[in-house]
1. Among 68, 80, 108, which one shows the highest mean-square fluctuation when the chain is modelled as a Gaussian network with alpha-carbon springs under 10 Å?
2. 222 nm [θ] for the chain, helices only, -39500 (n - 2.57) per DSSP H run of 4+, per residue, to 500?
3. Express the relative contact order of the chain as a whole percentage, based on alpha carbon pairs under 8 Å and six or more residues apart in sequence.
4. Could you state the angle between the C-alpha long axis of helix 110-119 and the longest principal axis of the C-alpha atoms of the chain, as a value from 0 to 90 degrees rounded to the nearest 10?
5. May I ask for the angle, rounded to the nearest 10°, between helix 29-105 and the longest principal axis of the chain, with both axes built from Cα atoms and the value confined to 0 to 90°?
6. On alpha carbon coordinates alone, what is the Rg over Rh value for region 4-119, Rh being the Kirkwood radius?
7. Can you list the residues, at least 5 places off or on another chain, whose amide H is less than 5 Å from the amide H of residue 27, using H built in the peptide plane?
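Any read-out appearing in this document is the output of simple, stated calculations on the displayed coordinates, not a laboratory observation. Small disclaimer: the values here were computed from a predicted structure and weren't measured.
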Amino acid sequence: MSKKIICPSCGGEYEEHLVRCPYCGTATLNAEENEYMGKLEDVRKDLEDYSGEGEKQVKSKVGKTIIIVILVMIIIATAILGSICLDWLGRQRDKNNRKDEFLNNQGITTSMLEETYYEM
Ligand SMILES: [Zn+2]
């Protein structure tokens, strides 16, 4: 229930929240102050909304950055693992090549070894 005030100018009774007397238009100090405070409150709320939005944007930005960093780390890890695997495969191939080379130097080819195996 809103309080009623008496206009100091005309004596008319009107609701406190009104800025001016509806009968004579005299501004009430109390109401004017309330209106001013109301505007301040609106500005404060706007600022709050704005900063809230900003915070959300920052959060989503941070989230995106984290996702990108994780993706980059996965790519780097894959590259490292891949190069390790390739290195290992290369070394295995080198070992086989060296074995073949050694056998060739001895005048033995792997096919000769296989033939010997079958002849026995
Ligand atoms: Zn009045």
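1. 108
2. When only DSSP H runs of four or more count, the value is -27000 deg cm²/dmol.
3. Relative contact order comes out at 9 percent.
4. Helix 110-119 sits at roughly 60 degrees to that axis.
5. 0
6. Rounded to two decimals, Rg over Rh is 1.89.
7. Amide H neighbours of residue 27, under 5 Å, 5+ apart: 21.
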